[in-house]
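Engineer: Mind looking over this structure? Questions follow.
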Amino acid sequence: MRSPILLLALTLLLPAQARAAGAVLVMNSSAASLSVVDMATQKEIRRIPVLREPHHWTMEPDGAALLVGDTVGNEILFLDPVTFELKRRLPISDPYQLGFSPDRKYLVVNGIARNQIDVYDAKTYTLVKRFPASTMPSHLDFTPDGGTVFVTLQGTGKVTAIDLRKMEVIWTAPTGKAPAGVMLQNGKLLVANMGEDNVSILDPATGKLLGRITTGKGAHQLFRSPDGKLIYVNNRIDSTSVALDATTLAAKRTYKLPGGPDDMEFAPDGHIWFTMRFAHKLAVLDPATGTFTTIDVGRSPHGIFLNPKAVASK
Amino acid sequence: MIPILDSAAGWLQETVLYPLLYALDLMQWEDVSFGWALFAVYGLVQVIVTFAVCLPLERWRPVETWPDQRAVLVDVLYTLISRVGLLPLITFVLFYKLQVALDGFLTDHGWVPPTLERIFPFLLGMPVLTFFLYAVILDFSDYWRHRLSHVFNWWYSLHAVHHAQRQMTFWSDDRNHLLDDIIGFIWFTAVALLIGIPPMQFPLLVLLLRFLESLSHANTRLSFGWLGERLLISPRFHRAHHGVTAAGLDSVNYGAIFPWWDMLFRTADFSAEYVQTGDPTAEEALATGSYAAQQWVALRRMVRDIFGRGGKEERKKAVLF
């Protein structure tokens, strides 16, 4: 029989790092739900039902609401970023990846299934312009002034740059097979080529290919560490996460994470939280030791949002 | 059970599908491929569960016994193709592409495809009730698809593959012409556009419904009683649809899961007999031919029907004979 006193004592004896406050929201793309995970206990506390297929999220510029896109459900959910309470549902066509321009003017929504890049007014959420995209617009990133958005076109191996001031395409250029993650870093555009084993380096002004960095088969997503010193590349086929030096882009360390690492978030205690698409789990990695623990969530977890101030109540 | 099956689908995707997609330069389909992995794993479990339950039932209380059961083997092939292998892949790609194209066209014209849960928000968080409502609507839609396949000569020429089997067993559920299956997918897609279909949101419940469909074809003397027969379709009820006198354009008991539509539209036959199955108007190749022969003969018959070159007359001759 488990002694409650013993459990309490063990909990109190755990190192402070393992009891980090806050909660994590996970988008279970094949379970039509969002998992709320308590960071301290590393347990799933509850599930929020959604219509069909939640994949990614973005935060309103003023931090008032967390927007989660349900692609097949054709709607965006507006959640309280602390309690995860549902505040509003907005019908929007195929919201896969989404992001606000840094100048707070526009919300850009990639419709991967419908081959469209939609630009919405960030205040009224009315459609300003739809760009037909050939094909499968996937991930996106902006220039710091919000004037340009870069979108990977997964179906045709290209990247496109759209001028959000003039509302016109600036260039569309080849990058590699099935490009996914895209990131503007030190004046260079980095693109993870999922159908290959590398990240392309492009000139953001022209789309000209400047070089490639080998990271691992199925290079999928790019994430910048909170201190800006590292860029993590998650490789879907090799099931690895490679930490690159953000300045030199040289590989510093490779973490083996079986189960298909996809999106990731950084916790204040230094741990990195990954969604593991094939394993239907989260992995919590200690980057110092390379060890990780796992947490059961819903089927095919994709996007992940971590808030140290969030409350994981039932 | 669900976590084990999901893990198996994840394993299939990680170790087989992903490397295959990578090798074939098809990684852009990586997200969609998980749907197929789920279909394949749950399909395999369907086959195993159906086999484990229906085979003892057929041995225990068979309606008919056959000294030579070679005609059943081709139905096993139909089942494996349909539930585990190629067909889910084609379905998935076809359904996905078709749904995206149509959804995109409609969305561009200001129509966001509705869903039951958006119309009735209280359904969110009630997965079993939601699934039940989807199942009822889909079953209603399928009743009419099936009934119409008995109305048009050209369509019945394809559907005759399903009815020609004289040795009907639980394996016979998936015995369909490929073109007939494709028509079914298009029909399903049209309904999906109207109410939204959660494809693999409720895989275990889909498994249960598919099991009931297989059970309804089983060669066993099994009735669900007066009330049960009016709630769910039993092997006895569906056997009447496959009866030799009900084959062709004027049949009974078209439903797949619920008998309610047959009751509502006066096509139900609740008589207690266990009739002989088969289609006397069908060419022998449709009953005992190979998979390829069945597909070819039905296709030829359909073409003749469309172009008025004697498909109907052939069937009449077969009846007189």
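Engineer: Peptide A:162-169: average number of partner chain Cβ atoms within 10 Å per residue?
Structural biologist: 0
Engineer: With a point put 7 Å past each Cα toward its Cβ, work out how far B:TRP60 is from B:TRP154 in nm, to one decimal.
Structural biologist: Inter-label distance under the simple model: 4.6 nm.
Engineer: Further, regarding this structure: Return the carbon/sulfur percentage of the accessible area of chain B, one whole number, probe 1.4 Å, all protein chains in place.
Structural biologist: Ligands and nucleic acids excluded, carbon and sulfur give 72 percent.
Engineer: Over the stretch B:1-65, how many percent of alpha carbon pairs lie in each 5 Å bin up to the one with the longest distance?
Structural biologist: P(r) for the stretch B:1-65, in whole percents per bin: 4, 16, 19, 16, 11, 9, 8, 7, 5, 3, 1.
Engineer: So for the stretch B:2-280, what are the equivalent ellipsoid semi-axes in whole Å, largest first, each being the square root of 5 times an eigenvalue of the Cα gyration tensor?
Structural biologist: 32, 23, 19
Engineer: Could you estimate the translational diffusion coefficient of the protein assembly as shown from the Stokes-Einstein equation, with Rh from the Kirkwood formula over C-alpha pairs, at 25 °C and 0.890 mPa s, in whole µm²/s?
Structural biologist: 91 µm²/s
Engineer: In addition: For the stretch B:129-238, with every protein chain kept in place, what is the accessible area per residue (1.4 Å probe, Å²)?
Structural biologist: 34 Å²
Engineer: From the residues A:LEU25, B:GLN295, B:GLY184, which one has its Cα farthest along the dipole of the protein assembly as shown in the positive direction, the dipole being from +1 and -1 charges on Cβ of Lys/Arg and Asp/Glu about the Cα centre?
Structural biologist: Farthest along the dipole direction, towards plus: B:GLN295.
Engineer: May I pose another question? Compare each residue of the stretch A:63-92 in its chain alone against the assembly with all protein chains, and report those whose accessible area goes down by 20 Å² or more; 1.4 Å probe, heavy atoms.
Structural biologist: A:VAL72, A:ASN74, A:ARG89, A:PRO91
Engineer: Across peptide A:114-120, what mean number of C-beta atoms from other chains lies inside 10 Å of a residue's C-beta?
Structural biologist: 2
Engineer: Hey, what did chain B get for relative contact order, percent, Cα under 8 Å, at least 6 apart?
Structural biologist: Dividing the mean separation by the residue count of chain B yields 21 percent.
Engineer: Ok, one more. Rounded, prolate or oblate for chain A? Axes are the square roots of the Cα gyration tensor eigenvalues, ordered a ≥ b ≥ c, and the cut-off for rounded is a/c under 1.5.
Structural biologist: Oblate shape, in that a/c is at least 1.5 and b/c is the bigger or equal ratio.
Engineer: Ok, one more. Given a 1.4 Å probe and heavy atoms of the protein chains only, how would you sort B:TRP171, A:TRP57, largest accessible area at the top?
Structural biologist: A:TRP57, B:TRP171
Engineer: How large is the dipole of the stretch B:117-252 about the Cα centre if only Lys and Arg carry +1 and Asp and Glu carry -1, each at its Cβ, rounded to the nearest 20 debye?
Structural biologist: Dipole size: approximately 280 debye.
Engineer: Tell me: how much accessible area in total is hidden between A and B, 1.4 Å probe, Å², nearest 100?
Structural biologist: It comes to approximately 3000 Å² buried between A and B.
Engineer: Now for a different question. Would you please put B:121-132, A:95-106 in order of how densely packed they are, using the mean number of other Cβ atoms within 10 angstrom per residue and starting with the highest?
Structural biologist: Put in order of decreasing packing, that is A:95-106, B:121-132.
Engineer: I'd like to check one number: the per residue accessible area of chain A, probe 1.4 Å, reported in Å² as a whole number.
Structural biologist: About 38 Å² of surface per residue is accessible.
Engineer: How do A:LYS166, A:LYS188 rank by accessible surface area computed with a 1.4 Å probe, from largest to smallest?
Structural biologist: Order by accessible area, largest first: A:LYS166, A:LYS188.
Engineer: Just to be sure I understand the curve: with the Debye formula and one point per C-alpha of the stretch A:74-149, what is log10 I(q)/I(0) at q = 0.19, 0.20, 0.24 Å⁻¹?
Structural biologist: -0.81, -0.89, -1.16
Engineer: Follow-up. Using unit Cβ charges (K, R positive; D, E negative) and no other charged atoms, how large, in debye to the nearest 20, is the dipole of the stretch B:127-186 about its Cα centre?
Structural biologist: Charge dipole of the stretch B:127-186: 180 debye, to the nearest 20.
Engineer: While we're looking at this one, here's another question. Among the residues of the stretch B:23-61, which ones have their accessible area go down by 20 Å² or more when all the protein chains sit together, as opposed to their chain alone (1.4 Å probe)?
Structural biologist: B:ASP25, B:MET27, B:GLN28, B:GLU30, B:ASP31, B:PHE34
Engineer: List the pairs from A:LYS166/A:LYS309; A:LYS229/A:LYS309; A:LYS43/A:LYS105; A:LYS129/A:LYS229 whose alpha-carbon separation is above 28 Å, in the order I gave them.
Structural biologist: Violating the 28 Å Cα-Cα cut-off are A:LYS166/A:LYS309; A:LYS43/A:LYS105; A:LYS129/A:LYS229.
Engineer: Okay, moving on. Do the sum for chain A: with -39,500 (n - 2.57) for every DSSP H run of n ≥ 4, divided by all residues, what is the mean residue ellipticity at 222 nm, to the nearest 500 deg cm²/dmol?
Structural biologist: -1000 deg cm²/dmol
The values are calculated or read from the model by the stated rules, or taken from the named source; none is laboratory data. Treat the numbers as computed from the prediction; the structure is a model and nothing was measured. Backbone-built Cβ (ideal geometry, glycine too); neighbour counts: all protein chains shown. Areas reflect the complete protein model, heavy atoms only, side chains present, ligands, DNA and RNA absent. Shrake-Rupley method; radii C 1.70, N 1.55, O 1.52, S 1.80 Å.
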